[in-house]
Amino acid sequence: MTTPLLEITNLHASIEGKQILNGVNLTIMPGEVHSIMGPNGSGKSTLASVIAGHEAYEVTEGSILFNGIDLLELEADQRACAGVFLAFQYPVEIPGVSTKFFLKAAVNAIRKYRGQEELDAMDFLDMVEEKAKSVSLNIDLLDRNVNEGFSGGEKKRAEVFQMAMLDPLLGVLDETDSGLDIDALKIVADGVNQLRTQDRGFVIITHYQRLLDFIVPDFVHVLKDGVIVKSGDKSLALELEEKGYAGIEACKSECSCA
Amino acid sequence: MITTAIDNSVFEKLHKTEAWMFTNVSALSKIDFACPSEVDVSVIATHDIAPENPFVVFVNGVFQEGCSRIADGISVNADTHGDIAARGDSLIPRGDSSSVSITGTHAVTVHVLQIVTGDVPVACFGNVIVHAAEGESISLAETHIALTDQNHVFMPCTEVVAEQNSNVTIVRSIRGSKEAYHLGSLHVAQHESSTVQTHTITLGGKCVRNEVYAYLDGEHCESNFDGMYMLGKDQLVDNHLRVEHNEPKGNSREFYKGVLDENAKSVFTGRIYVKEDAHQTDAKQTNQNIILCDDASCTARPQLEIYADDVLCTHGATTGEIDEEALLYLRSRGIPKDAARTLLIYAFLNESLDELTDDGFRTVLVDELLSNLPGGNFIRTLYL
């Protein structure tokens, strides 16, 4: 039997004493794309942050296995090295560090962890050029400081570009579509689709069905009050679009969700 | 060996004055300073970081003609002072040492290297006079290096006159031994539509006082007084500025930032004075510190003295630890915690060095910064 890429069991998490996740169960097999939808405050971003290892969140119960290993035992940087990538909802600006400089540190840290040889400047720059093309990212942008002076669209594209550079096994996209116009959305989606392989899985967190027209998910889950209340295929996203989250709540009693 | 004519009793009570209340240099009053007449000049070549540029070298305040490269517009004179320093109320002693005078437009940066060295404590002065006539541009790099771990005291005094439409840039770096005292001053007088930028970088020294006195005597002056420091064990830096807006429509900026490790201490005092009728002055002062350790401390004293109505003066000071959000972002990309911290400290300081255009000097300063920075070697592996 294939080992699940990600296996979240009964996950409870809180921040500053406030309980946000109340028993999330989610299994992702290699190659699958899962979309998590849900109203504001339902815990979507918390779930992403907990997977990535944000220290402000405390896991109070439950487990996360990543490729069979206990993810909660790993620090944020070790998780990234193991193959977890989080595309931030709000990518952080870092004045004083050029994007290339930062990415070289990241790529080589991960290669070192995986026992691969570190890239020299030439090979690194070749890789940058190739991956930047895949998300139509202007390469001059990479001489600028990390995310500094980037437009909203450029920031999100840069996140997908970073994902391509770091070659993760699991990509978690936290509202990568927010603030994007339709053209930028297509470019970002196209970048993600190019990264879809039979080994790599994705968690796509979004408010709107629109992104899922371009990144077609295998499964859609609705998160509400910190638990997954309904799961289905891509048609669930369309249903949500039509009925809203309130409609889902109404059906909660009559369908066997989660 | 001759004893310098320095009355070191002046240091005894300096800290009793308001301007020096956070910086105690009374230890200097108990030291017998000397000035070796014979000095080893072999070390100079290693500090000749811009071999194509004009180069003026002093060792213990004595001009080294054989090692220097003098260009047109540069001269070395005995016992000369400009008249700008006399306008301020600096308490740093001024000495009669030879001075460098720089005039005329220079295509490249003039490098003035001041080395203080000896196996006994040395006290010496270094006087530089920069005069940019109308429309001229002068760029000056001052490197002040104390070698040998003695309680040397070096008192450099640079006076700048920037006439109408002229442009002067000075990068002063204090490097080398962490045992020496450095009591330096920059005195700047600006005329109409002139631009002056100074950048004071403190990486060495036990106790470093950097004074800037600026007089914006014409309309539309542009002035940037910036500073950066990275200090560790037992080091103190005191950046002390007074910027006088004497005519309307001047823009001045003071921007000082630094990182303090162990029990290092930073003092920042920025006084902006706006004279009556110096309307539409735009003056800004900022001091940002990152402290890496609970024992480090910062004191920021913004001071505004404003006698005109239509002015914009702002001040701000921040002292904090490393940005946790940024740290998490770097770590979420696989960069280990220590390396991520180092990268963020480097980023914070490098932002200040980024503005230096002269690559040769920049490279040396970045290199010294990395040597002082815990884990700095990691940054070297990232160069492309």
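Things to note:
- When the test is whether a residue is part of a loop (DSSP other than H, G, I, E, B) and either open to solvent by less than 50 Å² (accessible area, probe 1.4 Å) or farther than 29 Å from B:K178 by Cα (or both), B:G126 does not pass it.
- Being out of contact with any Lys or Arg (no Cβ under 7 Å at 6 or more places or on another chain) and among the β-branched types (V, I, T) is a property that B:T299 has.
- Tally, over segment A:100-119, of residues that are within 11 Å of another protein chain (Cβ to nearest Cβ) and either hydrophobic (A, V, I, L, M, F, W, C) or farther than 20 Å from B:N377 by Cβ (or both): 10
- Answer residue from segment B:363-384, given it is within 22 Å of the chain's Cα centre (by Cα), more than 14 Å from chain A (Cβ to nearest Cβ) and not β-branched (V, I, T) and is least open to solvent (accessible area, probe 1.4 Å) among those: B:L365
- Residue check, B:T148 touching a Gly at 6+ places or on another chain (Cβ under 7 Å), β-branched (V, I, T) and either over 27 Å from B:E321 (Cα atoms) or open to solvent by less than 10 Å² (accessible area, probe 1.4 Å) (or both): yes
- All of A:L166, A:L173, A:L141, A:L137 fail the test of being of a type outside the set (K, R), away from chain B (no Cβ under 12 Å) and touching a strand residue (DSSP E or B) at 6+ places or on another chain (Cβ under 9 Å), apart from A:L173.
- Checklist (1) surrounded by fewer than 17 Cβ atoms within 10 Å (Cβ to Cβ); (2) away from chain A (no Cβ under 14 Å); (3) assigned to a strand (DSSP E or B) applied to B:T318, failing item: (2)
- B:E305 within 15 Å of B:L241 (Cβ to Cβ) and not assigned by TED's automatic domain parsing to the domain that holds B:F348: yes
- Scan of segment B:46-72 for residues that are in contact (Cβ under 8 Å) with a residue 12 or more places away in the chain, surrounded by fewer than 18 Cβ atoms within 10 Å (Cβ to Cβ) and assigned to a helix (DSSP H, G or I), ordered by number: B:G66
- A:I204 being open to solvent by 10 Å² or more (accessible area, probe 1.4 Å), part of a strand (DSSP E or B), modelled with pLDDT of 95 or more and farther than 29 Å from A:L125 by Cβ: no
- Inside segment B:217-244, residues that are in a strand (DSSP E or B), without any contact (Cβ under 8 Å) to a residue 40 or more places away in the chain and over 16 Å from B:C298 (Cα atoms) make up a count of 5.
- Members of segment B:229-281 that are surrounded by fewer than 24 Cβ atoms within 10 Å (Cβ to Cβ), more than 17 Å from B:N24 (Cβ to Cβ) and not charged (D, E, K, R): B:G232, B:N246, B:P248, B:N251, B:F255, B:Y273, B:A278, B:H279, B:Q280
- Residue in segment A:120-128 that is crowded, with 17+ Cβ neighbours inside 10 Å, in contact (Cβ under 8 Å) with a residue 40 or more places away in the chain and either part of a helix (DSSP H, G or I) or within 10 Å of chain B (Cβ to nearest Cβ) (or both) present: no
- Test: residue in segment A:213-223 that is at pLDDT below 90, aromatic (F, W, Y) and over 18 Å from A:I28 (Cα atoms): no
- The residues in segment A:144-163 that are within 11 Å of chain B (Cβ to nearest Cβ) and within 13 Å of A:V192 (Cα to Cα) can be counted, and the count is 3.
- Of the strands (runs of 3 or more DSSP E) lying entirely inside segment A:32-91, those containing at least 3 residues that are away from chain B (no Cβ under 11 Å) and open to solvent by less than 10 Å² (accessible area, probe 1.4 Å) are A:33-37.
- All positions within segment B:350-361 that are within 14 Å of chain A (Cβ to nearest Cβ) and assigned to a helix (DSSP H, G or I): B:N350, B:E351, B:S352, B:L353
- Within segment B:16-27, residues that are in contact (Cβ under 8 Å) with a residue 12 or more places away in the chain reach partners that are surrounded by fewer than 14 Cβ atoms within 10 Å (Cβ to Cβ) with beta carbons closer than 8 Å, at six or more positions or on different chains, in the pairs B:A19/B:D89; B:S26/B:K13.
Let's see how each residue does on (1) in contact with a helix residue (DSSP H, G or I) (Cβ under 6 Å, 6 or more places away or on another chain); (2) modelled with pLDDT under 90; (3) not assigned by TED's automatic domain parsing to the domain that holds B:V161:
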| site | (1), (2), (3) |
| --- | --- |
| B:I2 | no, yes, yes |
| B:H15 | no, no, no |
| B:H47 | no, no, no |
| B:P51 | no, no, no |
| B:P54 | no, no, no |
| B:V59 | no, no, no |
| B:Q64 | no, no, no |
| B:A78 | no, yes, no |
| B:V100 | no, no, no |
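- Out of A:G153, A:G171, A:G149, A:G179, sole residue that is small (G, A, S), open to solvent by less than 30 Å² (accessible area, probe 1.4 Å) and either at pLDDT 95 or above or not in a helix (DSSP H, G or I) (or both): A:G171
- For segment B:178-198, taking the residues that are more than 24 Å from B:L91 (Cβ to Cβ) and touching a strand residue (DSSP E or B) at 6+ places or on another chain (Cβ under 6 Å), the one that is modelled with the lowest pLDDT is identified as B:Q197.
- Residues that are open to solvent by less than 10 Å² (accessible area, probe 1.4 Å) and assigned to a strand (DSSP E or B), drawn from segment B:159-181: B:E159, B:V160, B:A162, B:V168, B:I170, B:R172, B:S173, B:I174
- Within the option set A:D120, A:D140, A:D70, being charged (D, E, K, R) and under 23 Å from A:P4 (Cα atoms) holds for one residue only, A:D70.
- Against the conditions (1) within 14 Å of another protein chain (Cβ to nearest Cβ); (2) closer than 29 Å to B:V274 by Cα, B:L312 satisfies every one except (1).
- Unique residue being open to solvent by 10 Å² or more (accessible area, probe 1.4 Å) and in a strand (DSSP E or B) when the list is B:S42, B:S29, B:S75: B:S75
The values are calculated or read from the model by the stated rules, or taken from the named source; none is laboratory data. All values reported here derive from a predicted model rather than from experimental measurement. Note that each Cβ is placed from the backbone with ideal geometry, even for glycine, and that neighbours are counted across all protein chains shown. For the accessible areas, the whole protein counts, side chains as well, though only heavy atoms, and no ligand, DNA or RNA atoms are used. Shrake-Rupley method; radii C 1.70, N 1.55, O 1.52, S 1.80 Å.
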